Each structure stands twice: as structure tokens, then as C-alpha cells.
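These notes concern the structure reproduced below.
The values are calculated or read from the model by the stated rules, or taken from the named source; none is laboratory data. All of these numbers come straight from a predicted model, not from anything done at the bench. Here the Cβ positions follow ideal geometry from the backbone for every residue, glycine too, while neighbour counts run over all protein chains shown. Accessible surface areas use protein heavy atoms only, side chains included; no ligands, DNA or RNA. Shrake-Rupley method; radii C 1.70, N 1.55, O 1.52, S 1.80 Å.
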Amino acid sequence: MRASRLALLLVLASPLACLAQDTRGSLSGIIVDSTGSPIASAAVTVRGPAVQGERIAASGSDGSFLAPALPVGPYEVSVTRIGYREVVLTDVVLRLGRTTTLGAVVLTEMPVPLVPIEASGRRTLIDPVSSAGGVNLTPELYDDLPVSRDYLAMLDLLPQANTSYLGDERSMAGATGMENRYFVEGADVTDPMRGFEAIELPYNFIREVEVKTGGYEAEFKSSLGGIVNVVTYSGGDETRASVFGYYASDQFAGSPRSTGLELNRSDIARWDVGATLEGPILRDRLWYFVAYNPLVSSENVEIPGLDWYEDQDVRHRFAGKLTWRAGSGTSLHATVFGDPADRETVDAPGGFNAGLQPLTPDSWLSERRTGGVTALAGLTQVLGSAGLLEASLYGLWNERSVQPRTPGGAEQQFRDFSTATMSGGLYATYVDRVNRTAARLGTTWVLGPHTVKAGGEFTINDYEGDWSLDNVVKYADDVWQYWELAGDGTMDFSSRVPAAYLQDSWLILPRVRLNAGLRWEGQDIIGTDGEVAQRIRDQWQPRLGFVIQPGELGTQRLFGSYGRFYQDLPLQVAGNKYNDDLNWRIWAFDHDPRQDPTGGTLIFETGGIAEETEGLAGQHYDEFTLGYERQLGASFKLGLRGMYRGLRRAIEDSWVESEGELVLGNPGYGVLDEYPPAKREYAALELTADKSFGGSLRLLGSYVLSRTYGNHGGVFNLDEDAAGQPNMSYDYPEKLVNAEGLLPQDRTHQLKLAASYRTGFGFTLGGRFLWLTGTPLSEMGTMRIPPNRTFVTQRGTAGRTPSIWELDLRFSYDFAQLMRRQAPARLILDVFNLGNPREAVAFDQVQYFRLDAEGNPASFNPNYGEPTAFQLPASVRLGVEVGF
């Protein structure tokens, strides 16, 4: 696999390398005379602190123009034509992944030379080109809000994005946390192994965050959930620096509610300090941006019945970028960022939650490494007066490992349910090295009323790892008294994902635009033997959309879309199915295998290269959206959007009786036709209000009415503890009994409000409020092979978790005026969960843990129906930020 990766790097490491996956914004408008007739060949010149040099576009015969791929930020735009008076528009703001329109720019005839007409351009909030739905977050808004330091936490400000309390991080648009995709500087930083979030950066590094939740065009790689797109700062002609620091402690927090199963913790502290520096190396030619933010978290954790032990995490978050204008139409940049972390962990093994008392601390203590580094290089080349070439090449290198913290941690783990005790070492030790290498080449051509985009991508995801596990479990009431789970191996498997797209945005009339595109993606999964083990080819994704602008141009839009969206299989599927280097075995014994390892009965075995599933379809859904947006005044926008998503195919690793094994397939089709088709229907009505720049008051609000219904929660199994295993919800037919109903991520009502107000004397008050209805609960039992679970009654009919609300406040004071300095110098006080009732957010839904030899429920759960997690208590964080 290293050979194929090296070949890709050598072929593509040419001057063609730059922006991928929507890292910029665009500018559009129509140039007309005083009678409203279009003016052709008008020169539109764009200048600003975010762009090196200037960009020039020309209006077509219909008067329209488009200046694509401009860095986000404020601009000055001048429009000139011989015989007409020049118009200069200031404060034109470009947003990430959006097209800012100037509307109709009127040029008046000029019989004699006159000074240019100046006007503010900060009046257009409507994107007249794209039918995509979503929201942008800029520093002008989130700098004044009480949000967690990681940019990922800011997503909870947005409609249809909610923290999940079921182990999958964040649900977006009815999907599980494994179904979102995350891009930083155009690089896909989503965890290639399981599909979770993969990079952590503080918002001090971030220039803008864009979230797409539907309706986006064929040029963009898709997911079953949402798309998160982030760009960092790029430097400029002014040298600037900042330092910042934050501190939080349990000394400034309330007491958490306890389920009785949580560990006792004390001396909790979190230090978060850092600095940024940006400026020119060569003015207007070569810029730099560098940033570093070490994060140290520590606490003492009590291992029940033993002693207190320290848990410490050190994470190094950094970013750097060089931007070089190599020629009048040539721009290159190189970016690197990462978040490697080392942690000495105190963590409860799974047996503790079943009431097992540890006899030694070794199974609780481990050394863990997470995070990684991403590097990207690229090029943007202007092609004449109508074309643009963009290319990028990037690599992502992540590591995730668990190793013993003590010598005893390497011993065999033993859980004894007959005496309710556990001893020995860690459940498993491993070193995962997960890499991604990708290249993208795309072109944009402005051909009169048509803007045509075409391009392709090629991605290699690669895993190399070493695993070892050895566990013995003793039961008191089973036909088999002892069970042993053991296995080890060194693995190397991968996937290849080619893609191509063609997209046309056609301005049919000055007020009507049609977007039509087609995207194709393939998947080849490579097993540990180096051969293609599974092919998925027929992944054609049509995307259609329209935008109609009623009223004054640039102030309203009616938009809608239809699209088909696929998502790649994570590498974990290859590790489970096409792996002859790791063998996990479950043995059953009537005696203690630690004393005599012979005479056991093999119950289950993994390993080996599974046969390819013919005709396997990629996991995908169809989506329909319809929306309306209207700008009110200079900086306020209201939006209304409806969305429907219907899952068409899922991929599951399911038991086939005739084969006597688990088989990868599409439930309801082909080899899995004995299963019902996977069903997940998501319908939502979204109302938004946005005033994120201009004036002293900033506001972002939303309300969502939604319903998520079906028999398939998603790629992440929300119904049981699957240890983060993707595509394993349909393991056995028994799991589908009573399985159709309201899904675990369903939230009927979601109300969110974020606002800030800046006074004239340096004080700023910011706040965030949300109110969410609860999620459905079910009555569940456990099958013969834990943790596989069944529904005792219809899914989602056992009530709901309580509705929850949260209120956070930020108080900040900028001393710049008192100190007579232009750069900010502010003190910050954040108060989280103010007045929080600490409601229960998750419950134990399992009535019994096992079946006995006759198939009857056994080991009834005494904690059934009890809370397993609560909202966090009120807490305070202190901060300081100083700019230079």
C-alpha cells in the first residue's frame, strides 16, 4: 500500500496543487444602465486585504458577471466601462462556500469625467447561485459567544445539528455521528477508520465555518448527514499577533448529578494557552500564518475500593499556512495543521458498569495516543478571462493507540460475575495508524450565462495496525461457565475512492438560475492480502436545483433541490470482513481456561477474506428541499426551508443462515433479501434568523420541527454498545422484530438562539440558549451473543427522555480604549449551564442482559429505566485575549 501511495504523490506533486472542497467564496452581479438594459464588457475589479493583488472579471452580453474562488473576507469592488461613471462598492463581504451578489449595479452615462460613485456593498445576504441549505459562522459572531474552545462545539449553534448522548458525538439532519464529513482547508479530515470527527482546532485559528445540510451541488463530496467546511487564517500585508489563555476548574463548577455508576473525580483543571502570528514575507506576494495552542487537562479519579490516580491529557494543536502569488493569475499555498495528543488515562472497563469490583488497578490504567497531522498543497490558476483551474494534494496521518500504563496491564483480563469482581490487565492493546492521501483537480468556466465546473478526485485510505486482546469471563448461571475472547495480529488494508463530476449553473433569466450536475464515485476495498476484496461501482448521483429571485435582485430567493447522496464505507468494514491477519475467537468452557486452555468449544471466529458481494450498492439517500429567504434591512435575513430525506440503501454485515456466517450486503436486496429493506425517513421544517454582522447586535436563531422514523438508525448503531463499529445494526434477523418506529436521534422540536451586544465602552454581552425535546426510548433485551439486542416492544414507544434547555453567557471587556491601543485586549468570563436543571439525557433501556439455555431472559437488569447520563452542571471559565 505504501507503493501505491508513493506513486500517487509522485504523479501529482507537480505545480498543480491547491484549493479543494469549497475553501473560498464567489462574487456575482448584473451590470445595467439607467434604463435597466444590460451592459456588456464592463470591468469588475475586486481588491481586499484577503487577496493578493486584484481580481478582474468582465460582464457578459446579458450584463452578468461571476468572480469565483475568492478568499473569504471584506472587499472593495469597482465597476468601470468606457462612457460610464465608475461605481465603487465598499464593505462587500464574501462568505465561505457562498456567492455574494451585488444585485443590479447601475452605471450612469458620463459625458465628462466625474469622480466615482461610492456605496456600501454590505447589503446582500442572499446567495443567488446555490440551492444549498446551511449556515456560516464567522468570528464576528462566535468571538462574542460562550462556546467551547474547539470549533466542532460551535456546530451546536446551528439548526439540525445536536450533541448526541448515545456515543456518536453529533447528529446532523437526522443522521448519526458517523455520517457527517469534516473538511479543513479543503482536506477531508473525517476519521477514515470509523467516520467520526478527526481533527480538533481552537476557534482562534478559524476564519470561517460553513455547514451544509442539503441541496449542495455535484462538485461536493457527500455524506449521509451534514458537511462541515472550515478555513483558517491566511495572513496579509499587515503583521498581526495574538496571545490567549483560558482556565477552567471544578473549583468553579457545580456538583454533577450522579447515576451511582460514575467515578469520583476531583482536582479537575484545564489550561488552554496559545498564540498566533501572521503577516507578509513579501508584501502582496507571499504571506504566512502560524498558530500554536497546547491544551492540558488533568484530574484525579478514584478507582472504587482501591485508590486515587491521576488522569492527564496533553494535546498540541497547531496550524500554519503560506500563500504565494506566483504570477498575475497564479496562486499557490501550503497548509499544515494537527492535534496530536498523549494521555495517561484512568478509565472504567466495561465490566465495571455491570457492577464488578476491581481487585487491581491495572485494567483501568492505560497510555493513549490520539490525533494526527494533515498537510496540503495547492494551486489556483486563472485561465484567460473565463476560466479557472484548481488542484490540490493532501495527506492525513492519524494515530490511535492504547498501551498498558503498568506492568500488570499486559496480563489477561478476568471478569467474574459469580463474585462480582474483575482483575488482570487491559481488555485490548493496539496501535492504529490511519492515513489518507487525496488529489483533486477541477476547472471552472464562465461561458456567458453558464458557469460550468468539471473535475475529479482520487483518494486512498490506508490502515496499518497491531492488535492484541485476551479476556476470560465467568458466569454463574450459564450452561457454559467460562467464556474466553482472544486474538492478535498485524494488519494492513485500504480503500480507493475515485470520483468525477460535471456541474452547470445556468442563468436562464436575470432572476432564474438552474443548477444541474452529475457526480460519480466508486469504491474499491483492499483486503490484507493486497487484493481488491469488494467493489462498489454504480454510484451515480444526480443533483438538480433552482434559484428564483423575486423583488429587488439580491434581496430574496426561492430555491429548491433534488439530489442523491452517497457515503463511503469506513475502513473498519475492511478490517472486519477482509482481514486474514487478525483472528478473534470466542471459546466456551466448563472449566477455567486460565488453568487448562484445552477442551473448549469454539463459538465464534473472525478473520479471513470474505467473498465479494456481487451487486453491492453503496449506502445512499434521496433528498428533496424547498426554501425561501428574504433580506430585511441592511443586515438581517430570514429563512424558511423544508427537507425530506429517504434512505434507499444501507450496507450491513448481517447473518445469513444458509451461508452460516455474517455477509456484507444491502438489507432487503440480493444476499440479504430475507431482511426487510433499511428504512430511515427524515422530514424537517426549518426557520432561521441571521444577523451575524453589522452594528452592535449580532443574532443567529433557528427553530426546527422534525421527525426521524424507520428501522435503521444509521451507520452508527445507536441501540447497543457496539464499540464504535460501523455498519453493524442488522447483525441478526431477531434484531428486526419490533424495530420500526421513531429512531433514537429523533427530536421533534429544536429551538436555538445565539446573540451578542457590543456597547460603545468596551463591554460585550453574549449568550446562547437552546431548548430541545427529548429523544424516544425503547424496551430492549439482549440476545444470546451480547451485546446484540432485541426490541421487546415496538421501537420508540417506551416514552421519551425529558426536554432539555441550556443557557450560557459570556461577559467580556476590551481594555483597548483605556490603553489607547487599536488591537483588542479583553478579559472574558464564560458561564455555562446557568440555572441548568441537570436533566437526564440518556437512560438504560435494556431489561435483561442474557438468555439462558432455554432461550428465556436471564440476568435481569436492576438499573433498567434508570438514567445513565445527565446534563453538565453550571461552570465558569476565565479567559484573556490580547492582540498586537
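In the range 652-663, the residues that are under 17 Å from Glu605 (Cβ atoms) form Cβ pairs under 8 Å with partners that are open to solvent by less than 90 Å² (accessible area, probe 1.4 Å) and among the polar types (S, T, N, Q), at six or more places apart or across chains, as follows: Asp653/Asn576; Asp653/Asn727; Leu662/Ser654; Val663/Thr613; Val663/Ser654. Scanning the range 830-879 for residues being assigned to a strand (DSSP E or B) and open to solvent by 60 Å² or more (accessible area, probe 1.4 Å) gives a total of 4. Does at least one position in the range 296-312 carry a residue that is in contact with a helix residue (DSSP H, G or I) (Cβ under 7 Å, 6 or more places away or on another chain), surrounded by 18 or more Cβ atoms within 10 Å (Cβ to Cβ) and not in a strand (DSSP E or B)? Yes - at least one qualifying residue is present in the range 296-312. Do the conditions hold for Leu647, that is, is it buried (at least 19 other Cβ atoms within 10 Å of the Cβ), within 27 Å of the chain's Cα centre (by Cα) and aliphatic (A, V, I, L, M)? Judged against the criteria, Leu647 is a match.
The range 385-491 holds strands (runs of 3 or more DSSP E) entirely within its bounds, and those carrying 3 or more residues that are surrounded by fewer than 22 Cβ atoms within 10 Å (Cβ to Cβ) and in contact (Cβ under 8 Å) with a residue 24 or more places away in the chain map to 387-404, 428-447, 450-474.
Within the range 353-384, restricting attention to residues that are open to solvent by 30 Å² or more (accessible area, probe 1.4 Å) and small (Gly, Ala, Ser), the residue that is nearest to Glu197 (Cα to Cα) is Ala375.
Taking the numbered list (1) closer than 30 Å to Leu157 by Cα; (2) among the aliphatic types (A, V, I, L, M); (3) at pLDDT 95 or above in turn, Ile651 passes all entries but (1). When we screen Thr176, Thr138, Thr213, Thr190 for residues that are in contact with an Asp or Glu (Cβ under 6 Å, 6 or more places away or on another chain) and over 30 Å from Tyr813 (Cα atoms), the only hit is Thr176. Restricted to strands (runs of 3 or more DSSP E) entirely inside the range 176-291, those with at least 2 residues that are touching a residue at least 12 places away in the same chain (Cβ under 8 Å), in contact with a Lys or Arg (Cβ under 9 Å, 6 or more places away or on another chain) and more than 30 Å from Phe493 (Cβ to Cβ) are 206-212, 227-232, 240-253, 265-282.
The condition of being under 30 Å from Asp470 (Cβ atoms), at pLDDT below 90 and open to solvent by 20 Å² or more (accessible area, probe 1.4 Å) holds for only one of Asp590, Asp596, that being Asp590. Just wondering, is there one or more residues in the range 722-744 that are out of contact with any Ser or Thr (no Cβ under 6 Å at 6 or more places or on another chain), under 30 Å from Leu145 (Cα atoms) and open to solvent by 60 Å² or more (accessible area, probe 1.4 Å)? No, there is no match, as no residue in the range 722-744 is out of contact with any Ser or Thr (no Cβ under 6 Å at 6 or more places or on another chain), under 30 Å from Leu145 (Cα atoms) and open to solvent by 60 Å² or more (accessible area, probe 1.4 Å). For the range 812-864, a residue qualifies if it is acidic (Asp, Glu) and under 24 Å from Leu145 (Cβ atoms), and the qualifying residues are Asp814, Asp830, Glu839. Checked against the criterion of being part of a helix (DSSP H, G or I) and acidic (Asp, Glu), the range 722-733 contains not a single residue that satisfies it.
Within this structure, Glu623 fails the test of being under 30 Å from Ile651 (Cβ atoms), out of contact with any His (no Cβ under 8 Å at 6 or more places or on another chain) and open to solvent by 60 Å² or more (accessible area, probe 1.4 Å). Looking across the range 313-335 at every residue that is in contact with a Pro (Cβ under 9 Å, 6 or more places away or on another chain), farther than 16 Å from Ile281 by Cα and open to solvent by less than 50 Å² (accessible area, probe 1.4 Å), the one that is modelled with the lowest pLDDT is identified as Thr330.
The residue that is nearest to Thr380 (Cα to Cα), counting only those in the range 292-321 that are within 27 Å of the chain's Cα centre (by Cα) and in contact (Cβ under 8 Å) with a residue 60 or more places away in the chain, is Lys321. Taking the range 250-266 as the range and being acidic (Asp, Glu) and surrounded by 14 or more Cβ atoms within 10 Å (Cβ to Cβ) as the test, only Asp250 passes. Leu145 meets the conditions (1) farther than 28 Å from Leu396 by Cα; (2) open to solvent by less than 20 Å² (accessible area, probe 1.4 Å); (3) not in a loop (DSSP other than H, G, I, E, B) in every case but one. The failed one is (3). The listed residues are Phe884, Phe860, and the only one of them that is of a type in the set (A, V, I, L, M, F, W, C) and free of Cβ contacts under 8 Å to residues at least 60 places away in the same chain turns out to be Phe860. If the condition is being in contact with a strand residue (DSSP E or B) (Cβ under 9 Å, 6 or more places away or on another chain) and open to solvent by 60 Å² or more (accessible area, probe 1.4 Å), then the range 793-817 contributes Gln794, Thr797, Arg800, Trp805, Phe811, Tyr813, Phe815.
Checking every residue in the range 349-367 against the condition of being modelled with pLDDT of 95 or more, within 23 Å of the chain's Cα centre (by Cα) and either hydroxyl-bearing (Ser, Thr, Tyr) or within 30 Å of Arg433 (Cβ to Cβ) (or both) gives zero matches.
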